[in-house]
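Have a look at the structure below before the remarks.
What follows is calculated from the coordinates using simple rules that are stated; it is not laboratory data. Note that the structure is predicted; figures quoted are calculated from it, not measured. When we count neighbours, we look across all protein chains shown, and the Cβ atoms used for this are built from the backbone with ideal geometry, even at glycine.
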Amino acid sequence: MSEFRRVVKVGGREFNLSAKVGNSAQSNSYIGTTAPAAGQTEPQHIFLKVSKSVEFNATIDREVVPYAGEGAFSARLETPAFTALRQRAVPKLITKLSLRDGRRGFILESHACAVSIETIIKKFPQGINAFSAMWMFRRMVSSLMYIHSRNYAHGAVTPDNCIVIMDPPSCRAYYEGAHSGFVADWKHVKESESEFPAAPTSWSSIYSPGERISCSHDVYMLARTISKLLGKDDPHDLELHESAARLKGVLSACVLGRTARLKTAFNVWHELDAVIKAVRQETGITFVPSTLDGLDANPGL
């Protein structure tokens, strides 16, 4: 954190940076805390991203647009239902940053129990309980629904960009609403069917030369991410049984590319919702609460 003081002051507010969590070619990212929000007693956790030089400010400016509710993501274009969806699915902007040396950045609200699916995969390479994976899948689909509602695609739905909010280990009152999540890092978000500037290297096989980004790419990448969460690279290789086998059907349908029925997050939502309702009816399982330490490995459900 050589270019930052431990405390960053913006508009009279102090942000205490505790760790550097990202070091890409174009930006640096940090986590930290600030004073409790109104009506709260615990410090507000934050995520700060700043460009490495002024030449990369355009990337920061592009990423902050949906967080700020600007342009095609303006709240004025929303129905009440989509306003509620945005509040659940889009990282909340605290403030934009303009540094003295000309670099720009932004600060988002975060959470003490924010965990990337990549972290979960590394801890449970054999896969996690399918019923835990279902709620994580649903949260990511919800986030993509908001992007796809504007005819935009995310472009990089990778395990490190899929963030889930778990209950802290001390929490005893588990309930579904406490578990949220979203797809992070919106710098690649572009209008669907537009040219994609740079595919994530780990997913380069998804994009053929000259191919244009689309919502179906997002669906494909998310299905591959959830499949990895369940212990397999390809959904078709999953060994899920009984009620959980329904999840394999949805994931498999997502990876058929442009020939698939499930071309957008809205299509996936309807299929997944039907699966969850059927599972609840068949098993009585309504929700599997999760902490990173309390996740169960996939028992072959």
Over 24 Å (Cα to Cα) among 9/52; 9/49; 92/122; 9/92; 20/52 -> 92/122
In what order do 117, 31 fall by count of nearby beta-carbon atoms within 10 Å, going from fewest to most? 31, 117
Each label sits 7 Å from Cα toward the beta-carbon; between residue 273 and residue 72 the label points are separated, in nm, by 2.4 nm
Neighbour-count ranking for 122, 49, 190, 248 (other C-beta within 10 angstrom, fewest to most) reads 122, 190, 248, 49
Loop only per DSSP, at most 15 neighbouring Cβ atoms within 10 Å: give me the GluC sites (Glu not before Pro) in the stretch 214-286, ordered by residue number. 239
Please order 262, 97 by the number of other Cβ within 10 Å, starting at the fewest. 97, 262
Selected from 68, 107, 119, residue furthest toward positive end of dipole (the stretch 1-141; charges at beta carbon): 119
So between residue 237 and residue 285, what do we pick up on full extension, going 0.36 nm a residue minus the alpha carbon distance? 14.8 nm
Could you state, as a whole-number percent, how many of the C-alpha pairs of the stretch 22-121 are farther apart than 19 Å? 52 percent
